[in-house]
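Below: the structure, in structure tokens.
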Amino acid sequence: ADEQNEMGGDLLSSPGLVIDGVPAWDWLETALSTLRARPNVRLLPRTTVIGYYHDNFLGLCERLTDHLPESDAGPGADRPRERLHRIRAGRVILATGAIERPLVFADNDRPGIMLCSAARTYLNRYGVAVGETVCVLTSHDSAYRAAFDLSDANIHIGALIDVRDDVSQDLLAQAEKRGIEVRLSSVVTGTAGRKRIRSIDICRVKDGVAATRSDTIACDALLMSGGWTPSVHLFSHSKGAMVWREDIGAYVPGTPNEVTDCAGACTGTFSLADILEQGSAAGGAADNAAGGAARRFQTNELNCTAGLVVEALPARGDESKIKAFVDFQNDVCAKDIKLALREGFRSIEHVKRYTTNGMATDQGKTSNLNALQIASVDSCKPVPDIGLTTFRPPFTPTTFGCLVGHNDGALFDVTRRTPIDDWAQSQGAVFEPVRLWQRARYFPRGTETMAQAVTRECQATRDSLGIFDASTLGKIEVVGADAATFMNRIYTNAWSKLAPGRCRYGLMLGEDGYIMDDGVVGRLAQDRFHVTTTTGGAPRVLAMMEDYLQTEWPELDVWLTSTTEQWAVIALNGPNARKLIAPFVEGIDLSPAAFPHMAVREGRV
């Protein structure tokens, strides 16, 4: 049931639908059961694709325990709220649906005013009536479905106000059968109510002008529908080309930039039978076994696909004082869009920034198209000439917790481990954090304290031998014909006369003259230095080197490579160090004369 609630889409708000002779909810459960049984299918309910990037790379945010009661969160008290999936797909099918478009009219932001689709969801999914007397304002057929569903649930429909003058006779007959008063060529010119809507003013419209006489109808909810806006955000993320459709007043996917198919309402198709057929075709194209064949579905859906694209509805009174909201989150009104145009802003991107329309966390999902229509009418330009604002990831607001990960306990910070970390753990090492690294600090035996263990280890090293894991040291390879010149400029030491096979302690200062880092540097060849840095200083040293090389001395023939993770370092200390390593080394003379202090040699261990 949870999976169905997350993956049912608009079907869950349409309990009366029948698909191929089967109730829609039963048909949906059968379809999901079939998918669950497929070994090559993984269903991810409670998951949102937040970004669509190059080469069919997608980011997904899965809500594991977020907003779930503790009893439903599953086993394990330490489960994360969310999980980030990074997927590289061979083919992507976008069935992202459409979002109902609000209508722009005076006083349209009062509590109790909502989209028709929201009222249907409250009613059919949660059994909640949004009001006792409900009015509906629309320019699209789909609002009639909401009015009929509410009426069938014994909720009084005060009036159905349609801005159009021509509506399907079938819809009008259905409304008459339910006793719903339909007012054509009419608009809402105002609403009243303090904590919620209490009444609306209705008047007739002729030649785009609202009449002076109006009627007032009492209601405690007003539903609105201006049609549907295809959700093209993910398609836009992938750099797919958009196409303007004048009949629906919206952009739809055009030529894709990735291996992508689009199906359903995101293509501007709003008939359920056509949507299912498109989905079947897209799924068949992606499934070789299906051979790309699409089949036709039979439904009992009421035909509600026609609509009229409108900008701000006609109003009465001083336009500068009318608050007809376009962006409900940033409180941008129609008059603000028009002011931006009067101020000289022509690009929709400039209008967006001047007014902040579409800059809220919803990224204009309900406001962008209305703003475009208002700008188009006011500037006497077609919408494609106005342009389209850029859709950017993430598709919905995404927590830093999802992107970063489950930062709790041992996972609070990224932990870097050396290649012999497992050995140290097996020897009972006590670790210390050194920046992002965990490094063995001492190896207690029995009930030894740290002081006792350290004393024992120091004594053993002085008398015979000690082993120290120094892999955490930063390591940078400086290579190129000008490597010595570069080193002379970076360090306070001189490096030109250091012979290959020798080491030198290097001291590095910052631009303020204070010590920035230090470490032993070995010259492996005339054009190759092996630089070591402090454990915590490796990233900033490499960054500074890269900065100077690229911006101050680009003429130098030098390459920098971080090798911190590539080289393990084991320091053997004590008088018996040479004796221990001698049997394991080939190609290196370990005698003090051939391998003196501060020397470096290459060979095979």
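The values are calculated or read from the model by the stated rules, or taken from the named source; none is laboratory data. This structure is a prediction, so every number in the text was calculated from the model and none was measured. Cβ sites come from the backbone with ideal geometry, for glycine too, and all protein chains shown count toward neighbours. Just the protein is used for accessible areas: all its heavy atoms, side chains included, with ligands, DNA and RNA removed. Shrake-Rupley method; radii C 1.70, N 1.55, O 1.52, S 1.80 Å.
Screening region 1-49 for residues that are modelled with pLDDT under 90 and among the polar types (S, T, N, Q) and picking the one that is most open to solvent (accessible area, probe 1.4 Å) gives Asn5. Residues in region 215-227 that are open to solvent by 30 Å² or more (accessible area, probe 1.4 Å) and touching a Gly at 6+ places or on another chain (Cβ under 8 Å): Ala218 only.
Picking from residues in region 168-186 that are surrounded by fewer than 18 Cβ atoms within 10 Å (Cβ to Cβ) and among the hydrophobic types (A, V, I, L, M, F, W, C), the one that is farthest from Arg316 (Cα to Cα) is Ala173.
Yes or no, residue by residue, for (1) in contact (Cβ under 8 Å) with a residue 60 or more places away in the chain; (2) of a type in the set (A, V, I, L, M):
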position: Arg86; (1), (2): no, no
position: Arg110; (1), (2): yes, no
position: Leu115; (1), (2): yes, yes
position: Val128; (1), (2): no, yes
position: Leu137; (1), (2): yes, yes
position: Asp141; (1), (2): yes, no
position: Ser151; (1), (2): no, no
position: Ile157; (1), (2): no, yes
position: Asp162; (1), (2): no, no
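For region 59-98, the candidate set comprises residues that are modelled with pLDDT under 90 and polar (S, T, N, Q); within that set, the residue that is most open to solvent (accessible area, probe 1.4 Å) is Ser71.
In region 561-605, the qualifying residues are those that are touching a residue at least 40 places away in the same chain (Cβ under 8 Å) and in a helix (DSSP H, G or I), and the one that is least open to solvent (accessible area, probe 1.4 Å) is Ala577. Within region 532-554, the set of residues being in a loop (DSSP other than H, G, I, E, B) and either farther than 30 Å from Asp512 by Cα or acidic (Asp, Glu) (or both) comprises just one member, Glu552. Here Asp362 meets each of (1) surrounded by fewer than 20 Cβ atoms within 10 Å (Cβ to Cβ); (2) modelled with pLDDT of 90 or more; (3) farther than 18 Å from Val252 by Cα with one exception, condition (2). Of all residues assigned to region 394-403, at least one qualifies as being among the hydrophobic types (A, V, I, L, M, F, W, C), open to solvent by 20 Å² or more (accessible area, probe 1.4 Å) and farther than 30 Å from Ser471 by Cα. Here is the figure for region 115-145: residues that are surrounded by 19 or more Cβ atoms within 10 Å (Cβ to Cβ), under 14 Å from Pro102 (Cβ atoms) and of a type in the set (A, V, I, L, M) total 5.
Given the residues Ala273, Ala265, which is the only one that is buried (at least 23 other Cβ atoms within 10 Å of the Cβ) and either in contact (Cβ under 8 Å) with a residue 60 or more places away in the chain or in contact with a Ser or Thr (Cβ under 7 Å, 6 or more places away or on another chain) (or both)? Only one candidate qualifies: Ala265. Only a single criterion out of (1) open to solvent by 70 Å² or more (accessible area, probe 1.4 Å); (2) in a loop (DSSP other than H, G, I, E, B); (3) closer than 18 Å to Thr485 by Cα; (4) charged (D, E, K, R) is not satisfied by Asp557, namely (1).
Scanning region 481-502 for residues that are touching a residue at least 40 places away in the same chain (Cβ under 8 Å), closer than 26 Å to Ala568 by Cβ and surrounded by fewer than 18 Cβ atoms within 10 Å (Cβ to Cβ) returns Gly501, Arg502. In the set Ser320, Ser376, which member is in a helix (DSSP H, G or I), in contact (Cβ under 8 Å) with a residue 40 or more places away in the chain and either small (Gly, Ala, Ser) or open to solvent by 70 Å² or more (accessible area, probe 1.4 Å) (or both)? Exactly one of Ser320, Ser376 is in a helix (DSSP H, G or I), in contact (Cβ under 8 Å) with a residue 40 or more places away in the chain and either small (Gly, Ala, Ser) or open to solvent by 70 Å² or more (accessible area, probe 1.4 Å) (or both), namely Ser376. Open to solvent by less than 20 Å² (accessible area, probe 1.4 Å), of a type in the set (Ser, Thr, Tyr), farther than 24 Å from Leu12 by Cβ and not in a helix (DSSP H, G or I), is that true of Thr189? It is true that Thr189 is open to solvent by less than 20 Å² (accessible area, probe 1.4 Å), of a type in the set (Ser, Thr, Tyr), farther than 24 Å from Leu12 by Cβ and not in a helix (DSSP H, G or I). Taking region 197-214 as the range and being outside any strand (DSSP E or B) and in contact with a strand residue (DSSP E or B) (Cβ under 8 Å, 6 or more places away or on another chain) as the test, the residues that pass are Ile197, Arg198, Ala211, Thr212, Arg213, Ser214.
Looking only at residues of region 99-114 that are within 25 Å of the chain's Cα centre (by Cα) and part of a strand (DSSP E or B), we find that the one that is surrounded by the most Cβ atoms within 10 Å (Cβ to Cβ) is Glu100. Got at least one residue in region 455-462 being more than 28 Å from Arg417 (Cα to Cα) and of a type in the set (A, V, I, L, M, F, W, C)? Scanning region 455-462, I find no residue that is more than 28 Å from Arg417 (Cα to Cα) and of a type in the set (A, V, I, L, M, F, W, C), so the answer is no.
Of all residues in region 215-260, those satisfying the criterion of being free of Cβ contacts under 8 Å to residues at least 60 places away in the same chain, over 30 Å from Tyr144 (Cβ atoms) and polar (S, T, N, Q) are Thr255, Asn257.
Phe345 meets each of the listed conditions (1) buried (at least 17 other Cβ atoms within 10 Å of the Cβ); (2) in contact (Cβ under 8 Å) with a residue 24 or more places away in the chain; (3) closer than 30 Å to Ser320 by Cβ apart from (2). Among the numbered conditions (1) touching a strand residue (DSSP E or B) at 6+ places or on another chain (Cβ under 9 Å); (2) at pLDDT below 95; (3) open to solvent by 20 Å² or more (accessible area, probe 1.4 Å), the only one that Trp437 does not meet is (3).
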